[in-house]
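To keep things clear, I will list the structure first and then write my remarks on it.
The values are calculated or read from the model by the stated rules, or taken from the named source; none is laboratory data. None of these values were measured; they are calculated from a predicted model. A quick note on method: Cβ atoms are made from the backbone with ideal geometry, for glycine too, and the neighbour counts reach across all protein chains shown.
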Amino acid sequence: MKNHHKQFLALVFLILCTLFFNCKPKSEWIQLFNGENLEHWTVKIHHYEVGDNFGDTFRVEDGIIKIRYDNYKGDFNERYGHLYYDTPYKNYHLVIEYRFANPWYDTAPGYTVMNSGVMFHSQDPRTMPKEQDWPISVEMQFLAEVKEGESRPTGNMCSPGTDVVFEGKIDPRHCISSTSDTYPPDEWVKAELIVRGDSLITHIINGKKVLEYSKPQIGGGVANRYDESVKIDGKPLKEGFIALQSEGQPIDFRKVELKLLED
């Protein structure tokens with residue numbers, strides 16, 4: 001009887017809390033990667049149709065999402081790719097653990113060495129023409145050490161087809177560097193992204209806040225050969241898709257999880 005009484009009181013409390021104090025259940029972590037396959041993910045690679053995972057670029061092995069180029073031949077030919085989770089999100093806390101691998105595809109552009117990232121507030125890959133190179137999105141860029149002792153922070157912001165407000169004004173730079181430490185390629189790094197719709201964006205690396213900016217919106221350059229009806233400059237980016245990036249450097253992702261935040 002005591003247990004029934006406690007359950008009844010708990011139910012009454014929940015009802016009263018909901019009615020009078022607008023209480024909401026605490027959001028649980030959503031595992032975007034199930035550790036087994038790419039279910040609920042969609043590939044889009046430059047020069048290929050949506051859904052064509054050319055060369056098995058994105059694969060799951062040993063419980064890890066791996067980006068590899070061992071099936072590529074010839075020139076890299078700007079075959080930039082992205083792996084999109086099929087649900088768009090607005091307000092959330094995203095956690096990703098990544099590390100770089102070898103070998104770099106040596107005909108990819110030099111800037112792609114030890115370089116990858118996660119795109120967010122991205123356009124739907126199904127709205128991208130076959131020859132569009134980068135999705136209209138905001139990127140949390142991942143970098144690793146190339147030359148020993150040379151600073152190369154990770155968790156930076158890049159903006160293909162978008163603009164952001166940094167330190168009170170729209171920043172004209174395509175990429176804004178974070179204040180993070182530099183990490184060796186083979187070290188697992190924990191990257192966190194706190195997204196508040198079209199207001200505040202926070203980047204966190206290994207538990208330390210390293211960058212913050214606001215008001216992501218469509219604009220700027222870098223993205224090419226898009227559908228002009230999609231790129232409406234000045235339009236606030238309130239939500240969008242999350243995508244893991246491929247641009248010539250092998251990389252591993254062992255965790256991709258997300259917690260919804262209140263509006």
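Things to note:
- Residue list for region 106-141, restricted to those being surrounded by 24 or more Cβ atoms within 10 Å (Cβ to Cβ), over 12 Å from the mean Cα position of the chain (by Cα) and not in a loop (DSSP other than H, G, I, E, B): ASN115
- Scan of region 170-200 for residues that are under 22 Å from PRO236 (Cα atoms) and more than 19 Å from the chain's Cα centre (by Cα), ordered by number: ILE170, ASP171, PRO172, ARG173
- Considering residues of region 223-240 that are among the small types (Gly, Ala, Ser) and without any contact (Cβ under 8 Å) to a residue 24 or more places away in the chain only, the residue farthest from ASP124 (Cα to Cα): GLY234
- Filter pass, ILE45 being touching a Lys or Arg at 6+ places or on another chain (Cβ under 6 Å), in contact (Cβ under 8 Å) with a residue 24 or more places away in the chain and surrounded by 14 or more Cβ atoms within 10 Å (Cβ to Cβ): yes
- Among the criteria (1) at pLDDT 95 or above; (2) assigned to a loop (DSSP other than H, G, I, E, B); (3) not small (Gly, Ala, Ser), the one VAL195 does not fulfil is (2).
- Scanning region 83-103 for residues that are buried (at least 19 other Cβ atoms within 10 Å of the Cβ) and either out of contact with any Asp or Glu (no Cβ under 9 Å at 6 or more places or on another chain) or assigned to a helix (DSSP H, G or I) (or both) returns LEU83, TYR85, TYR92.
- If you filter region 117-161 down to residues that are in contact (Cβ under 8 Å) with a residue 40 or more places away in the chain and acidic (Asp, Glu), you find that the one that is farthest from ILE218 (Cα to Cα) is GLU145.
- Looking only at region 60-75, and only at residues there that are crowded, with 17+ Cβ neighbours inside 10 Å and of a type outside the set (A, V, I, L, M), the one that is farthest from the chain's Cα centre (by Cα): TYR72
- Those residues of region 204-243 which are closer than 30 Å to ASN102 by Cβ and either out of contact with any Asp or Glu (no Cβ under 7 Å at 6 or more places or on another chain) or of a type in the set (A, V, I, L, M, F, W, C) (or both), in sequence order: ILE204, ILE205, ASN206, GLY207, LYS208, VAL210, LEU211, VAL222, ALA223, PHE241, ILE242, ALA243
- Output for region 215-261, where each listed residue is of a type outside the set (A, V, I, L, M, F, W, C) and out of contact with any strand residue (DSSP E or B) (no Cβ under 7 Å at 6 or more places or on another chain): GLY221, ASN224, ARG225, TYR226, ASP227, GLU228, SER229, LYS238, GLY248
- In region 245-263, the residues that are modelled with pLDDT under 95 form Cβ pairs under 7 Å with partners that are surrounded by fewer than 21 Cβ atoms within 10 Å (Cβ to Cβ), at six or more places apart or across chains, as follows: GLU262/LYS24; GLU262/ASN91; ASP263/ASN91.
- Selection status of GLU192, crowded, with 18+ Cβ neighbours inside 10 Å and acidic (Asp, Glu): yes
- Near pairs, Cβ below 7 angstrom, 6+ apart or cross-chain, from region 162-189 (more than 25 Å from VAL256 (Cα to Cα)) to any residue that is among the acidic types (Asp, Glu) and surrounded by 17 or more Cβ atoms within 10 Å (Cβ to Cβ): ILE170/ASP163
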